[in-house]
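A quick write-up on the structure given underneath.
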Amino acid sequence: MEDKHITPKSGITRRGFIKGAGLTTVGSVALQSGVFAGTEKTEEVKKDLGPDAVNITMNVNGKIRKLNIEPRATLAKALREDLQLTGTKIVCDRGSCSACTVWIDNTPVNACMTFAMDVGDKEVTTIEGLAKNGKLHPIQQAFIDHDASQCGYCTPGMIMSTAHLLSRNPNPTIEEVKHATRGNYCRCGTYPHVFEATLSAAKKMK
Amino acid sequence: MDTKKIKMPYGITGEKIQEVEREVPITEPDGWPVNAQLKQVGKSIKRLDAEAKVTGAARYTSDMQLPGMLIGRALIATYPSANIKGIDTSAAEKLPGVYGIHIMKNEDDREYPIIRYAGQPIVAVAAINEDIAEEAIDLIKVAYERKNFVVDIEKAMTPESPIVYEAAVEQEESEGGEEIAEGLKLEGNVRGPNQGQPRGELEAGFAAADVVLEQTYRTQVQTHNALESHGMIVDWRPDGVTIYASTQGTQGVRDEFADLFDLPRSKVRVIVEYMGGGFGAKHGLGTYGGAAGHLSKMTGRPVKMMASRKEEQISQGNRPNSIQRLKVGVTKKGDLTAIEQESYGTAGVGLGAGVGGVAQGMYTCPNFRTRQYDVFTHAGPGAAWRAPGAVQGIFGLEQMMDELAEAIDMDPMALREKIDPSRIRKAARKMGAERFDWSRRKPKASDTGPIKKGIGMAQSSWWRIHNLNATVEVKLLRDGALEVRSGVQDIGTGTKTILAQIVAEEFGLQTEDVMVRIGDTLFPDAPGSGGSQVTASITPAARNAAYQVKMKLFDQVAKILEVDASTLKLENGMIFSTKDSSKKISFQEASKKLPVSQITATESRTPEYKGDYLHWDLGSVQFAELSVDTETGHIHIDKIVAAHSCGRPINVRQVESQINGGVIQGISYALYEDRILDRNTGHMVNHTLDTYKATYAADIPEIDIVLLEDYNAKSSTDAYGIGEPANIATAAAIANAVYNAIGVRIREIPITPDKVLKALNQV
């Protein structure tokens, strides 16, 4: 193929420039939108989807929920998209940030690395299920009191990790708190207040 | 404009606070006393939205599902430099569940975009779910005409390098606080120089020096990597467009969207209630916002378009790298005689890779010159990143100051005492050094065992930025309820809470009594969260609006109590006359008697009051203590003391949260983070969170914060920001401490174990 030289008109404006930089898009190429715009397609679409979706039940936060999901659906997706339990966050989608931490039978897991179908009859606890009878879990209250969230996106995962720590170790040291949250990524850098909140909740739970 | 003269506090914590007189608009309230005498402001009030965050109830853009919503995904470029000969979308079009396909353009006269980096978005597809959208992406065929590329900055600077842009390009301002230089020359891939504001005569300066040092410092590319990726949901309807955006600037998104689609701004509404981190990269519409707009317009359905983690890392912004050469002269007494700076940095296909104005402005030095160049490479665009330029610039400048101090046998703190005109940093140095116990600093490489301890310090500077485009409406209802409304967004800094504190203070109420509605362009316009400008901009507007509502209420009460409105005061829920304390009515009762169901006032930020600043910049001083394992090269940060000022702090706990975050990001920058591009393919090799190393819980040291109050008497709240200042000095303080520990200076970050071991081998 010939190597064509680009000779754009001189003095590209910032608008033109950022288009190239990929910071915005411009110029609609309305690809015969009519071809795609048939809203009546939804039904036939469902039939064409790969391996069929299946009906399962899942015990989530003490309630039995019915789900119609594809076998490839992760627990994180099923919780967020099918059950609207969006407190469980998906960030890396490969088990390296713990933002999707939930408990399966009281053991923390990465919901992004767990198939929804593999949960079986075990009980799933999400951040939405941590408060009982309208009363916050002590770690949730401690996160509020110690300003342990900034943007808040890592907070549900952090709380599921630290609440689990306190359930098996009522007297953690700060090193043990760091160990329990070692997989939880927080870009705002709220860790010091997370540590404080966890130690304070431990004291209050006695 | 009518004015009045008021008294305001002026001074720094630990010093005697004076009272100064300021002439202020008559529409503004009297000055507040120092924080110790206030009830809501300056206190560690709990975040109003904390409960929503800890229960999972907070709904972020990425959590939203609208009825009929389609999911958009992007096809990204496989090659770093190419022309596109054709795009075949026919198979994708036939895939059931696909509703719209949009091809992105970047040159108006070309059918297809020019590819300038691997990962550049080319096509966007909207489908009924994410899986089908991704299948459709896989079915699209792109015919590339590949061209040579360059991803290495130093190669890009050579005459034989492949060229990224053939014509001059300009940078448009974002609200991230980066410096913009216009009309600079482009030669090959090198654009510049930006020469800042030179002064004096360099040669004479160097001639007057006893010691002249010249060194080169290098910093890496750092990605923003916010937990919530970039993205938006666009819901295009005939009567107007609603956009749910993960943004740090509602107004910026609205304006760019309206411009792009040629709509009046009134027809575009942008909403962000919760957003999962931005750090500078989430200003403006962005690739995915624009694509979602086209797709929603085309399909008549809401379209959600969020970047994947990989795309987030590659195409959605980064902090440019830098190669900085500094030549500085100093006398034996510790006076700087000349500073010469030359820097090259690459923001990939973007601009803004300078090293900021810190070398120019921070220290007293009569002769100064800088030449800062941007170098284009075939890599994703840079974006503002918490204190753009200053973070890179301070890494060089503050190591150089330590090197000069050593050369003239002076303590690093003593040198700064000599050259730094800032009263604020002087106070921060004193208080920080006491807290840190700087006096225990030993000569370099004193420890004899394999673990060597070191301590170091560095300073920083950031502007006191405020934006007059900051408007707030305060509304009092007949039941005594107060509502604050502004288009400003809370990106995790606590803006919502501080607005409530300001209004509660003015009305003598509790912070939680005030309802705050923000993050929506239905409300009055306000600036983006960038440059640490929001607190300085929006809090005076909020206080002024609250004051106006209070004055209107007093006018009503004056009629009821038959007193002069100017004698009325509101304290602890009671309105009373200062002339006759028997004339009183509760705030609740007074509200019930409003002649109409509400009183509102809308006020904007006014210019800074005339009069001196304690210092023009927001100064900080940070101290680092660390241990270097000389057998493994591993560095462990033991402690950071961070001494900061942000004017009048509004919410102390929230300020501390931000300082912690700035320090932790600084540690991450100093020791771990590094975007790595494969020179053979142009692809980023470490775009996953497990391969892009950053600070996690195990890396977090003790962080001790010294928060100064500095009262400058410049606005009705006298508050400034803390976001950028917190992030600037850490990496330089760590590098200086590493030198103190091992006696070899490492002038390049991240200071990974291999660099430590290599440096030790030179001993």
Cα-based shape type of segment B:395-478, given that a ≥ b ≥ c are square roots of the gyration tensor eigenvalues and the cut on a/c is 1.5: prolate
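Of B:Lys4/B:Lys39; A:Lys178/A:Lys206; B:Lys43/B:Lys418, which pairs sit farther than 23 Å apart, going by alpha carbon to alpha carbon?
Exceeds cut-off: B:Lys4/B:Lys39; B:Lys43/B:Lys418.
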Cα gyration tensor, segment A:52-129 - rounded (a/c under 1.5), prolate or oblate: oblate
Unit charges at the beta carbon, dipole of segment A:53-206: most positive-side option, A:Thr162, A:Thr57, A:Tyr185: A:Thr162
For segment A:99-140: rounded, prolate or oblate by the Cα gyration tensor [a/c cutoff 1.5]: prolate
Relative contact order of segment B:540-619, defined on C-alpha pairs under 8 angstrom at six or more residues apart (%): 35 percent
Rg(Cα) / (2.2 N^0.38 Å) computed for segment B:94-222, rounded to two decimals: 1.63
Cβ-Cβ FRET estimate between B:Lys758 and B:Ala407, R0 fixed at 25 Å, reported to 0.05: 0.60
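Take the Cα atoms of segment A:138-204, build their convex hull, and give its volume per residue in Å³. Walk me through the intermediate numbers first.
Values: hull volume 4.5 nm³, N = 67.
Each residue corresponds to 67 Å³ of Cα convex hull volume.
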Subset of B:Lys550/B:Lys610; B:Lys105/B:Lys185; A:Lys77/B:Lys304; B:Lys282/B:Lys310; B:Lys475/B:Lys552 violating a 18 Å alpha-carbon distance limit: B:Lys550/B:Lys610; B:Lys105/B:Lys185
Sparsely packed chymotrypsin sites (Phe, Trp or Tyr not before Pro) within segment B:542-636, loop by DSSP, other Cβ within 10 Å at most 15: B:Trp616
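Tell me, what is the percent relative contact order of chain B, built from C-alpha pairs under 8 Å that lie six or more residues apart?
Relative CO of chain B lands at 16 percent.
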For chain B, calculated [θ]222 nm from helices alone, where every DSSP H run of n ≥ 4 adds -39500 (n - 2.57): -8000 deg cm²/dmol
Where only alpha carbons of the protein assembly as shown are counted, the Rg and the Dmax (Å): 28.5, 93
Projected area, mean over directions - chain B, Cα convex hull, nm²: 34.9 nm²
Full-stretch length increase - B:Ala565, B:Leu468 - with 0.36 nm per residue and alpha-carbon distance subtracted: 31.9 nm
Qualifying GluC sites (Glu not before Pro) for segment B:148-242 [loop in DSSP, other Cβ within 10 Å: at most 11]: B:Glu160, B:Glu182
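Coordinate-derived values only; no laboratory data. Here the structure is a predicted model, which is why all the values come from computation and not from measurement. As a convention, Cβ positions derive from the backbone with ideal geometry for all residues, glycine included, and neighbour counts pool all protein chains shown.
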